[in-house]
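Each remark here refers to the structure printed beneath this line.
The values are calculated or read from the model by the stated rules, or taken from the named source; none is laboratory data. What you are looking at is a predicted structure, and each value in this text was computed from that prediction instead of being measured. Heads up, the Cβs are rebuilt from the backbone with ideal geometry, glycines too, and the neighbour counts pull from every protein chain shown. Side chains included, ligands, DNA and RNA excluded: accessible areas come from the protein's heavy atoms. Shrake-Rupley method; radii C 1.70, N 1.55, O 1.52, S 1.80 Å.
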Amino acid sequence: MVPLGQPLTPTAMQQPVVYFQKTFSKEEFPFENLSGAEFERCSFTECDFSYVNLSGALFTGCAFRLCRFVVPDLKRVHLQSAVFEECQLSGADFGQCEALGFSVDFRHSKLDNCSFRKRKMSGTPFSKSVLNDCFFTESDLTGASFDRCTLKGADFRSASEFAIDPAQNNLRKAKFSTYNLAGLLSGYGIVIE
């Protein structure tokens with residue numbers, strides 16, 4: 001393990017840096033290269049991941065609280081049972097993450113211009129979060145829940161299998177296509193043929 005405060009960047013000849021049940025508090029990682037690092041059951045509080053290279057990193061059972069992510073490099077990142085609570089995420093492209101095991105949970109978080117392109121998000125909870133201008137292009141939202149969220153300008157036009165209650169969520173300027181409008185009415189017991 002690399003001591004805190006030392007670079008987390010593995011060289012080409014080293015094994016990936018591995019952290020297990022480690023707590024990171026008020027760490028600043030802007031522009032750092034954390035590619036290939038492995039974090040298992042770690043917690044991150046008030047950490048800044050702005051412009052960080054996370055490509056190929058593995059986050060299993062990790063919790064992020066009050067963290068900031070600005071345009072992070074998420075190529076081939078494994079997010080498995082990752083919880084984001086009261087976080088700010090801007091320009092994050094979750095469509096670049098590894099699909100196998102992708103599992104995230106957003107609570108009281110703010111996401112701006114984030115993409116979930118072609119992401120299978122079975123059972124993903126979005127609770128009391130703000131998703132401004134986020135893209136769900138060709139996303140499978142089977143069982144995903146949107147609980148008291150603001151979805152201003154969110155694009156669901158090519159998303160499938162979602163169920164969003166307009167009475168419980170702010171959908172101002174959100175985009176839907178005529179073929180998937182049934183996802184807005186599923187909670188009302190209406191039969192659409």
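Do we find a residue being in contact with a Ser or Thr (Cβ under 6 Å, 6 or more places away or on another chain) and among the aliphatic types (A, V, I, L, M) anywhere in segment 39-56? Scanning segment 39-56 turns up no residue that is in contact with a Ser or Thr (Cβ under 6 Å, 6 or more places away or on another chain) and among the aliphatic types (A, V, I, L, M). Just the residues that are open to solvent by less than 10 Å² (accessible area, probe 1.4 Å) and either among the hydroxyl-bearing types (Ser, Thr, Tyr) or more than 10 Å from the chain's Cα centre (by Cα) (or both), please, taken from segment 75-86. Correct list: VAL77 only. When the criteria are applied in full, PHE126 meets the requirement of being modelled with pLDDT of 95 or more, surrounded by 21 or more Cβ atoms within 10 Å (Cβ to Cβ), within 19 Å of ARG68 (Cα to Cα) and touching a Phe, Trp or Tyr at 6+ places or on another chain (Cβ under 6 Å). Scan segment 22-47 for residues that are modelled with pLDDT of 90 or more and closer than 22 Å to GLU98 by Cα and the total you get is 12.
Remark: pairs (first residue in segment 82-103, at negative phi and free of Cβ contacts under 8 Å to residues at least 60 places away in the same chain; second residue open to solvent by 30 Å² or more (accessible area, probe 1.4 Å) and part of a strand (DSSP E or B); Cβ separation under 6 Å; 6+ apart in sequence or on different chains) = VAL83/ALA63; GLU85/ARG65; GLU85/ARG107; GLN88/ARG68; GLN88/LYS110; SER90/ASP112; GLU98/HIS78; SER103/GLN80.
Among the residues of segment 166-186, are any within 21 Å of VAL83 (Cβ to Cβ), hydroxyl-bearing (Ser, Thr, Tyr) and not in a strand (DSSP E or B)? No: zero hits.
Return the residues of segment 152-165 that are farther than 17 Å from ALA182 by Cβ and in a loop (DSSP other than H, G, I, E, B); say none if nothing qualifies. Answer for segment 152-165, where residues must be farther than 17 Å from ALA182 by Cβ and in a loop (DSSP other than H, G, I, E, B): LYS152, GLY153, ALA154.
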